[in-house]
Every structure is written in C-alpha cells, then in structure tokens.
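One structure is given below, encoded as structure tokens.
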Amino acid sequence: MRLIPMMMTMCLCACGGSKSTPVAEAPTPTPQNDAATAEAPMPTETNTTAAAPAADWLKTTALVGLDGQPLPAEAIAGKAVLFVNVASKCGYTPQYEGLQALYTQYKDKGLTIVGVPCNQFGAQEPGSAEEIASFCKLNYGVDFPLLEKQDVNGAARSALYTQLISSPAGGGADVKWNFEKFLVAPNGEVVGRFPSKVAPNDPALAAAIEKVLPQG
C-alpha cells in the first residue's frame, strides 16, 4: 500500500520535469529582424548601373514607315534627324518644299528628315497612307522618310513623341500645331524644338542643324 503513493509521486515528478524542459524549437523571425532587413537591402542593378546613353531610346523605339514596314535602322543611325509632324491640308503644308530642299542640301553631310503624319490638328491629315505618299511625291517631290500616321498628343501619343516631348529640349509641352520640328543629334540627344512658324530655310534652324551634323 505504501508503494502506490510513492509511484504517484514519481509520476508527478516525471510529468513536471517534462514541462520545465520543453524540446528546443527554432526561433521564429521577429518584426525587429524584418525591419532590420528592410533597412539594409541588398544592392540592386538599378543602384549600381549608370544611366543609359541618350542614343538608346532612338535605337529601341519602333519606327514604322508610311508603307507599314519598320523604318530601316540605317535611315537614322549615326545621323542628325529632324522630326516634323506633317499634314496635307494645312496652311504650313508648303513647308514640304523647304523641308525637301533642306534634306537635299544636308543629306550627304548626315542629316535625315522624318515626316510624321498626324490628323490631330484641325483634321488636316485625313488621307490614307497611299494618299499621303502620293500627295507628297507629286506635289513636292518628297523623298525623305515618312512614318505611319500617329498621335503626337494625348493618351495615345506615340512612343516617339513621348520621348521627344519629355526630353529637356522638348520641355514637356504638347505639340501646338502641324509642322513643329524636333532636332535630334547623332548621339540621340534632342537638341532643339522649333515651332511651326520656323520655316525650313530659317537661319536659326540651319545653324542648329550644322552644329550636330556628323560630317559637319
């Protein structure tokens, strides 16, 4: 009979011992550890890589010709480029003649002119691609590249004009009318923006072009 209390005492001691010495478990992360990790992030490529050269945006921006085909890279690579949003029924449409003369004068020195049809200003470029090409060729003898019709302002603004307008020289302001001009140096830097009223034979435009001609 005395053995029973002793055995119960031993059992209770054993159970109490198991409670006081639990099996060790791996510690769980604490909020303090998470905060410390957030404060000391691993270096990323963004932090360590230099900004991309100016020329990269022009190389990676898809330019599609009026014929629906990609504009050949050699049409603009290594050249000074004058981008002009054009229209066939505008008071400035006769500037096509001056643009063609400018292209003829400087193309052998590394200038190309790229016309960009746009119908956003007074709906003055309503024609199809074939009609635009025919109009430019028959009336002004245009042989510089023409891109597909596109928006230069608004939510549907093309990638090309997003880059031109957002550049320091572009100033971030919307295009005001047909035949505005953006001058891009061979390294891809947008170096000048000229309003519609600046004619292709304006001395200021010619001087800006001559400064960036690759074969000056």
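The values are calculated or read from the model by the stated rules, or taken from the named source; none is laboratory data. Given the structure is predicted, the values throughout are model-derived calculations rather than measurements. Cβ coordinates were reconstructed from backbone atoms using ideal geometry, including for glycine residues, and neighbour counts include every protein chain displayed.
What do you reckon, is residue 137 out of contact with any Cys (no Cβ under 6 Å at 6 or more places or on another chain), without any contact (Cβ under 8 Å) to a residue 12 or more places away in the chain and within 18 Å of residue 75 (Cβ to Cβ)? Spell out the reasoning first.
Details: out of contact with any Cys (no Cβ under 6 Å at 6 or more places or on another chain): yes; without any contact (Cβ under 8 Å) to a residue 12 or more places away in the chain: yes; within 18 Å of residue 75 (Cβ to Cβ): yes.
The answer is yes for residue 137.
Taking the criterion of being within 30 Å of the chain's Cα centre (by Cα) and modelled with pLDDT under 90, would at least one residue in the stretch 88-107 satisfy it? There is no residue in the stretch 88-107 that is within 30 Å of the chain's Cα centre (by Cα) and modelled with pLDDT under 90.
Of a type in the set (Phe, Trp, Tyr), modelled with pLDDT under 95 and not in a loop (DSSP other than H, G, I, E, B) - does that describe any residue in the stretch 57-67?
Going through the stretch 57-67, the residues of a type in the set (Phe, Trp, Tyr) turn out to be 57.
From what's left, modelled with pLDDT under 95: 57.
After this cut, where a residue has to be not in a loop (DSSP other than H, G, I, E, B) as well, the list is 57.
So far as the stretch 57-67 goes, yes, one or more of its residues are of a type in the set (Phe, Trp, Tyr), modelled with pLDDT under 95 and not in a loop (DSSP other than H, G, I, E, B).
Please enumerate the residues belonging to the stretch 200-216 that are among the hydrophobic types (A, V, I, L, M, F, W, C) and surrounded by 17 or more Cβ atoms within 10 Å (Cβ to Cβ). Result: 205, 208, 209, 212. Could you tell me whether residue 104 is among the hydroxyl-bearing types (Ser, Thr, Tyr), over 20 Å from residue 162 (Cα atoms) and part of a loop (DSSP other than H, G, I, E, B)? In short, no. Across the stretch 84-112, what is the total count of residues that are under 21 Å from residue 191 (Cβ atoms), touching a residue at least 40 places away in the same chain (Cβ under 8 Å) and either surrounded by fewer than 20 Cβ atoms within 10 Å (Cβ to Cβ) or out of contact with any Gly (no Cβ under 7 Å at 6 or more places or on another chain) (or both)? Of the residues in the stretch 84-112, 11 are under 21 Å from residue 191 (Cβ atoms), touching a residue at least 40 places away in the same chain (Cβ under 8 Å) and either surrounded by fewer than 20 Cβ atoms within 10 Å (Cβ to Cβ) or out of contact with any Gly (no Cβ under 7 Å at 6 or more places or on another chain) (or both).
Conditions (1) surrounded by 15 or more Cβ atoms within 10 Å (Cβ to Cβ); (2) under 21 Å from the mean Cα position of the chain (by Cα), marked per residue:
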{"position": "122", "(1), (2)": "no, no"}
{"position": "130", "(1), (2)": "no, no"}
{"position": "160", "(1), (2)": "yes, yes"}
{"position": "167", "(1), (2)": "yes, yes"}
{"position": "172", "(1), (2)": "no, yes"}
{"position": "181", "(1), (2)": "yes, yes"}
{"position": "191", "(1), (2)": "yes, yes"}
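Determine, yes or no, whether residue 194 is farther than 26 Å from residue 68 by Cβ and of a type outside the set (A, V, I, L, M). So residue 194 fits the description; yes.
Out of curiosity, is residue 114 among the aliphatic types (A, V, I, L, M), under 17 Å from residue 63 (Cα atoms) and assigned to a loop (DSSP other than H, G, I, E, B)? Here the answer is no, as residue 114 does not meet what is asked.
Of all residues in the stretch 148-164, those satisfying the criterion of being in contact (Cβ under 8 Å) with a residue 12 or more places away in the chain and either on the phi > 0 side of the Ramachandran plot or not in a loop (DSSP other than H, G, I, E, B) (or both) are 154, 159, 160, 161, 163, 164. Annotation: of all residues in the stretch 132-147 being in contact with a Phe, Trp or Tyr (Cβ under 8 Å, 6 or more places away or on another chain) and part of a helix (DSSP H, G or I), the one that is surrounded by the most Cβ atoms within 10 Å (Cβ to Cβ) is 136.
Which of (1) touching an Asp or Glu at 6+ places or on another chain (Cβ under 9 Å); (2) within 24 Å of residue 91 (Cα to Cα) does residue 106 not meet, given it meets every other one? Result: residue 106 fails condition (2) only. Within the stretch 193-207, the set of residues being in a loop (DSSP other than H, G, I, E, B) and of a type outside the set (Gly, Ala, Ser) comprises 195, 197, 198, 200, 201, 202.
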